[in-house]
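Trainee: Let me give you the structure first, and then I'll get to my questions.
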Amino acid sequence: MSLFKRYIDSSSPATLTKEVEDLPVLKKNKEYLDLQAALHDYLLEELKKHPGQDKSDEKQKIEEMGQAFFELEGGRLTFEEKQEIIHYVKDELLEYGPITPLLENPLISEVMVNSFDEIYYEKNGKIIKSNVNFIDNQHVLRVIERIVSPIGRRIDESSPMVDARLPNGSRVNAIIPPLALKGPSLTIRKFSETPFTIKDLIQFGTLSSDMADFLDMCVKSKFNIFISGGTGSGKTSTLNVLSSFIPNTERIVTIEDAAELKLNQEHVVALESRPPNIEGKGQITIRELVRNSLRMRPDRIVVGEVRGAEALDMLQAMNTGHDGSLSTGHANTPRDILSRLETMVLMAGFELPVKAIREQIAGAIDLIVQQSRLKDGTRKITHVTEVLGMEGDTIVLQDIFIFKETGIMNDGRIEGRFTSTGIRPKFTDKLEQNGYSLPASWFSKEW
């Protein structure tokens, strides 16, 4: 009897889930599926005998043992089929199963698992259905647990939703039954291993070089900036880029639900909120972290996203000497983010007059950067808007730069240009006090 025969006898068939978007799908007969399952079970047992190895050593061991396995049990499989099985098993044991190739593809920005046999991904701003799938719901659940366990998060029937992150900072959200009716659902927003720079955003067409220079001046002059936009519009990437303008000599405290920001400065303290434990205790909210950060002698406070009552503490920090703070929020226009901030301040539980809240907002925020994902999938900074202050009961806004759509090309791409409104910002004097001068060409004609 073969050394590996017992694994074949005890294994159930699996499904090949390697992404082969640009390759022919290999035919998977019974022998193929049996060997795939057998190799998986065999290597799983062998790796348990060698704990503590790093991932690169384990990958090499899987390659070597996989080749040895097929020398004895290769049957009539081709070389390509054998390599396909080894890759599948490697992804299954060390990575994230069938979605690993999607996560490794640099052109794919988001992976969405609706159910075990329904997986989509976003590529170049378009959502495409993938030809990969999991074996069953338990298979999806195992991958979710592999993601959340290393960072101390949990997911089960008593806590069926979780926000987490991959080691490279990619954002993860998972939700399972009974809340998810079709089975465990997983959404992964990928982030580049190497953070985007301002040159990248200019190259992508997210903003113009003159807008980039203007925002650089504003960050270094310690203006409070709020980045507004819809889901998937690129707010976090822009926040990371703007944060990179902060001088290396300043102390930065970052506060996030799931740590995503990657700052290159030396003096950075990264804080992350904590969900409640299995007994419902021990939760640390963004709001508590914002309050605590004020005692940490920050030069800059960067909040990944303001969603609730922490908006009040953030505004108070901006109004009490913590200039140069940065944050993001969900809204479709610069005016909408002000309304959302009003609502979020009321969530703190204080019955404040609306005028008092608006005065806080107008006094705290200097600049709103509005980012949008357009119909063709491209991401643009559509408004750079100055907050002028109060006029009666209304917060007065003034657009400095905007993106103007000029038409749609035959292939669906949106044409447009970045342009100045011709209005010089009210805070020009403060920029000049910090040693910056605004070129007159920015405000005399369209670029």
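Trainee: Quick one: order TYR88, TYR121, TYR436 by neighbouring beta-carbon count within 10 Å, fewest to most.
Mentor: TYR436, TYR88, TYR121
Trainee: Give me the one-decimal nm value for the distance between modelled label points at GLU279 and GLU58, 7 Å along each residue's Cα-to-Cβ direction.
Mentor: About 3.2 nm, to one decimal.
Trainee: Going by amide H atoms built from the backbone, whose H comes under 5 Å of the H on PHE191, apart from near neighbours?
Mentor: Residues meeting the amide H criterion: SER170, ARG171.
Trainee: Any chance you could give the angle, 0 to 90 degrees and rounded to 10, that helix 354-364 forms with the longest Cα principal axis of the chain?
Mentor: So the helix axis and the longest Cα principal axis differ by about 80 degrees.
Trainee: Which angle from 0 to 90°, rounded to the nearest 10, does the C-alpha axis of helix 55-73 make with the longest principal axis of the chain?
Mentor: The answer is roughly 30 degrees.
Trainee: At a threshold of 8 angstrom on Cα-Cα distance, excluding pairs fewer than six apart, so keeping six or more, what relative contact order does the chain reach in percent?
Mentor: In percent, rounded to a whole number, it is 10.
Trainee: Determine the gain in length on full extension of the stretch ASP213-ILE127; use 0.36 nm per residue of separation and subtract their C-alpha separation, reporting nm with one decimal.
Mentor: 27.7 nm
Trainee: Still on this structure, please answer the following. In nm, what is the difference between 0.36 nm times the number of residues separating ALA348 and GLU391 and their Cα-Cα distance?
Mentor: 12.9 nm
Trainee: For the pairs LYS123/LYS404; LYS182/LYS235; LYS220/LYS430; LYS199/LYS380; LYS123/LYS235, note any where the Cα-Cα span goes beyond 21 Å.
Mentor: In this structure, LYS123/LYS404; LYS182/LYS235 lie more than 21 Å apart at Cα.
Trainee: Where nothing but the Cβ of Lys and Arg (+1) and of Asp and Glu (-1) is charged, how large is the charge dipole of the chain around its Cα centre, in debye to the nearest 20?
Mentor: With Lys and Arg at +1 and Asp and Glu at -1, about 640 debye.
Trainee: Quick one: pull the percentage of alpha-carbon pairs in the chain with a separation above 39 Å.
Mentor: Percent of Cα pairs beyond 39 Å in the chain: 33.
Trainee: Over region 198-442, what is the relative contact order in percent, taking alpha-carbon pairs closer than 8 angstrom and at least six residues apart?
Mentor: 20
Trainee: Would you mind ranking SER228, SER339, SER237 by Cβ crowding within 10 Å, fewest neighbours first?
Mentor: Ordered by Cβ neighbours within 10 Å, fewest first: SER339, SER237, SER228.
Trainee: If you take the Cα Rg of region 198-442 and divide it by 2.2 N^0.38 Å, with N the number of residues, what do you get?
Mentor: Here the answer is 1.01, to two decimals.
Trainee: Now for a different question. For q = 0.17, 0.22, 0.23 Å⁻¹, what log10 I(q)/I(0) does region 353-447 give under the Debye formula with an equal point scatterer on each alpha carbon and no solvent?
Mentor: Calculated log10 I(q)/I(0) at the listed q: -0.88, -1.11, -1.15.
Trainee: Taking the 0 to 90 degree range and rounding to the nearest ten, how far is the long axis of helix 79-94 tilted relative to the main principal axis of the chain, both from C-alpha atoms?
Mentor: The answer is roughly 60 degrees.
Trainee: Just going by the charge dipole of the chain, with Lys and Arg at +1 and Asp and Glu at -1 on Cβ, which of VAL143, PHE79, ALA37 is farthest out on the positive end?
Mentor: Ranked along the dipole, the leading option is VAL143.
Trainee: Can you put VAL148, VAL172, VAL290 in order of Cβ neighbours within 10 angstrom, beginning with the fewest?
Mentor: VAL148, VAL172, VAL290
Trainee: Go through PRO195, LEU166, ILE381 and say which Cα lies farthest out towards the positive end of the charge dipole of the chain; charges sit on Cβ, +1 for Lys and Arg, -1 for Asp and Glu.
Mentor: ILE381
Trainee: Between THR197 and THR249, take the C-beta separation as r, use R0 = 25 Å, and let me know the FRET efficiency to the nearest 0.05.
Mentor: It comes out at approximately 0.80.
Trainee: Can you give the local net charge around LEU207? Use residues other than it whose beta-carbon is closer than 12 angstrom to its beta-carbon, Lys and Arg +1, Asp and Glu -1.
Mentor: 0
Trainee: Could you work out how far apart the two model spin labels at ASP136 and THR428 are, taking each label as a point 7 Å from the Cα in the direction of the beta carbon, and quote it in nm?
Mentor: Label at ASP136, label at THR428, 7.0 nm between them.
Values quoted throughout were computed directly from the atomic coordinates according to the rules given, and no laboratory measurement underlies them. In this text the structure is predicted, and so the values were computed from the model without any measurement. Glycine also receives a Cβ, built like all others from the backbone with ideal geometry; neighbour counts cover every protein chain displayed.
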